[in-house]
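J.: Quick one: the structure is below, questions incoming.
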Amino acid sequence: METPAGKGDSGIAGWLADRMPANGLMFVVAIVAIVLAAVLGTPAGVVVGVFLVAAAAIVPTSRRREKAQIAARALEKTSLGGLSPQNLAEAVGDPLVIFDRQGATVHANAAARKAFGDLPAGMSLLLKFRAPELQDLIQSVLTGQAGEKAVDYVERVPLERVYRVVGASVGEQTGLFLLTFRDQSEARRVDRMRADFIANASHELRTPLASISGFIETLRGPARNDAKARDQFLQIMQDQTARMARLIDDLLSLSRLEMKALPPAGRPVDLQAVVEAVLDALTPLARESGVEVKRDFGHERMQVAGDRDELFQVFENLLENACKYGQSGGRLIVSIRPSASVPGEAEVAVTDFGPGIPAEHIPRITERFYRVDVETSRSRKGTGLGLAIVKHILTRHHSRLSIRSEPGKGATFTAHLPTVRRRN
């Protein structure tokens with residue numbers, strides 16, 4: 001329940017004084033209904049009367065709206081270097097709401113209206129914002145319990161947003177107060193990503209370390225004199241250390257990419273030459289996987305602007321994944337061609353004919369450590385970071401990755417890159 005803190009309004013008398021002029025008729029009808037019901041012994045009449053009294057007390061009154069509108073007009077006339085407080089409030093990028101001693105809105109800037117919908121003058125903030133933490137903040141500001149206080153507030157509709165809300169008075173003896181909403185959603189999202197990243201990286205490193213530690217204990221104990229077991233365990237330990245080395249290399253690569261704030265310098269890079277270099281480097285892997293690689297480059301050689309080493313890493317990761325996870329299809333197609341839908345764009349597509357990817361996994365497959373099948377990924381020496389690196393590099397090059405797949409019919413990963421004119 002709101003309790004006015006205005007000058008001359010105190011306790012129940014002030015509360016009634018604020019409501020009686022606008023709701024006086026309702027009060028009178030309610031009291032008469034209660035008296036008649038008590039005399040006639042009608043319980044239903046008493047209930048109706050009590051309901052009318054409650055409605056008169058709760059419903060925002062026209063007097064409160066009138067006060068807020070008067071305060072808003074007075075605020076408009078206040079000049080600060082030729083600018084009204086409303087104009088200054090509109091210049092603030094964060095949502096900002098000015099309200100009076102009754103907790104009624106005096107002015108809400110454009111950012112506040114966009115974030116929370118219509119906030120007309122006279123609207124009760126205690127009825128608009130129902131979250132307990134925000135109600136406590138408004139009450140504490142109105143009663144002067146804190147010069148400046150901040151709370152976290154979550155707005156869940158239409159999208160979840162997290163705000164740091166600061167409440168304070170406007171100057172001294174103005175009878176006005178304000179709430180400022182600072183959007184913390186992106187910072188919270190980054191914090192969650194960082195925490196998830198650390199947890200996943202720790203888990204991925206802990207698993208091979210636990211395996212190596214167990215084999216060391218076995219070799220020092222029961223298998224001390226077992227030459228066959230020793231050779232087998234040493235091979236597994238070597239595989240596990242190689243896995244950790246790959247994971248650390250990918251982590252360092254991702255870290256270096258994230259530390260580069262600016263996109264790479266726009267030096268022309270021959271796209272076909274980079275892809276051919278990757279294919280030559282991965283020929284042993286393709287042969288080992290039993291995969292035949294078909295090239296479909298067309299006649300036009302295209303150039304893109306960027307870093308050759310980073311682009312090499314993109315196609316290396318895409319082709320490695322195709323060899324590992326599309327192995328059952330027995331073949332790959334690597335194509336380079338101009339985009340049919342976007343002028344000035346090149347498309348490098350890697351198509352495999354393996355088991356494909358279920359549709360529900362495609363939106364998340366470029367997330368760090370996300371795997372469609374954890375055991376299959378680990379058995380094929382995957383770190384769960386390859387596609388995250390690909391996406392990050394392409395974003396730095398103002399490019400994008402698209403994925404098309406159907407279970408049982410393989411998958412196509414396409415890098416879309418803006419081209420530059422070839423130099424004569």
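J.: Looking at (1) at pLDDT below 85; (2) within 30 Å of residue 255 (Cα to Cα), which one does residue 164 not meet, given that it meets all the others?
T.: Exception for residue 164: condition (1).
J.: Sticking with this structure for a sec: Looking only at the stretch 240-283, filter to residues that are loosely packed, with under 12 Cβ neighbours inside 10 Å and charged (D, E, K, R); which one of those is farthest from the chain's Cα centre (by Cα)?
T.: Among those residues, the one meeting the criterion is 280.
J.: If you take the residues of the stretch 94-110 that are within 26 Å of residue 160 (Cβ to Cβ) and free of Cβ contacts under 8 Å to residues at least 40 places away in the same chain, which of them is farthest from the chain's Cα centre (by Cα)?
T.: 105
For (1) closer than 30 Å to residue 270 by Cα; (2) at pLDDT 85 or above, each residue gets a yes or a no:
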{"position": "353", "(1), (2)": "yes, yes"}
{"position": "357", "(1), (2)": "no, yes"}
{"position": "365", "(1), (2)": "yes, yes"}
{"position": "369", "(1), (2)": "no, no"}
{"position": "379", "(1), (2)": "no, no"}
{"position": "393", "(1), (2)": "yes, yes"}
{"position": "397", "(1), (2)": "yes, yes"}
{"position": "403", "(1), (2)": "yes, yes"}
{"position": "419", "(1), (2)": "yes, yes"}
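J.: Can I ask one more? Can you pull out the residues in the stretch 150-190 that are in contact with a helix residue (DSSP H, G or I) (Cβ under 6 Å, 6 or more places away or on another chain) and not β-branched (Val, Ile, Thr)?
T.: 153, 161, 167, 177
J.: Hey, among the residues in the stretch 130-173 that are of a type in the set (Lys, Arg) and more than 20 Å from the chain's Cα centre (by Cα), which one's surrounded by the most Cβ atoms within 10 Å (Cβ to Cβ)? Steps first, answer last, please.
T.: Step one: of the stretch 130-173, the residues of a type in the set (Lys, Arg) are 130, 149, 156, 161, 164.
Applying the additional criterion that residues be more than 20 Å from the chain's Cα centre (by Cα) yields 130, 149.
Values: 130: 8, 149: 15.
Among those that are of a type in the set (Lys, Arg) and more than 20 Å from the chain's Cα centre (by Cα), it is 149.
J.: Kindly list the number of the only condition in (1) more than 22 Å from residue 254 (Cα to Cα); (2) surrounded by 19 or more Cβ atoms within 10 Å (Cβ to Cβ) that fails for residue 389.
T.: The one condition residue 389 does not meet is (1).
J.: For the stretch 168-208, which positions are small (Gly, Ala, Ser), out of contact with any Asp or Glu (no Cβ under 7 Å at 6 or more places or on another chain) and either in a helix (DSSP H, G or I) or touching a residue at least 24 places away in the same chain (Cβ under 8 Å) (or both)? Walk me through it before giving the result.
T.: Initial filter on the stretch 168-208 (small (Gly, Ala, Ser)): 168-169, 171, 175, 185, 187, 195, 199, 201-202.
Narrowing further to those that are out of contact with any Asp or Glu (no Cβ under 7 Å at 6 or more places or on another chain): 169, 171, 185, 187, 195, 199, 201-202.
Selection gives 169, 185, 187, 195, 199, 201, 202.
J.: What tally of residues in the stretch 406-424 results from selecting those that are surrounded by 18 or more Cβ atoms within 10 Å (Cβ to Cβ) and over 17 Å from residue 347 (Cα atoms)?
T.: So the count comes out to 1.
J.: I've got another one for you. Can you tell me which residues in the stretch 326-367 are assigned to a helix (DSSP H, G or I) and more than 30 Å from the chain's Cα centre (by Cα)?
T.: First pass over the stretch 326-367, keeping only residues assigned to a helix (DSSP H, G or I): 327-329, 359-364.
Passing the criteria: 327, 328, 329.
J.: Moving to a separate point now. I need the full set of residues from the stretch 112-157 which are over 23 Å from residue 88 (Cα atoms) and hydrophobic (A, V, I, L, M, F, W, C), in order please.
T.: Of the stretch 112-157, the ones over 23 Å from residue 88 (Cα atoms) are 126-137, 139-140, 143-146, 151-157.
Within the stretch 112-157, 126, 127, 129, 131, 134, 137, 146, 151, 154, 157 meet the criteria.
J.: Look at the stretch 139-167 and say how many of its residues are over 17 Å from residue 115 (Cα atoms) and either part of a strand (DSSP E or B) or touching a Ser or Thr at 6+ places or on another chain (Cβ under 9 Å) (or both). Give the derivation first.
T.: Step one: filter the stretch 139-167 for residues over 17 Å from residue 115 (Cα atoms), giving 139-151, 167.
In the following step, the residues that additionally are either part of a strand (DSSP E or B) or touching a Ser or Thr at 6+ places or on another chain (Cβ under 9 Å) (or both) were identified as 139, 141-144, 146-151, 167.
Number satisfying all stated conditions: 12.
The values are calculated or read from the model by the stated rules, or taken from the named source; none is laboratory data. From a predicted model like this one, the values you see are computed outputs, not experimental measurements. Positions of Cβ are backbone-derived with ideal geometry, glycine not excepted, and every protein chain shown enters the neighbour counts.
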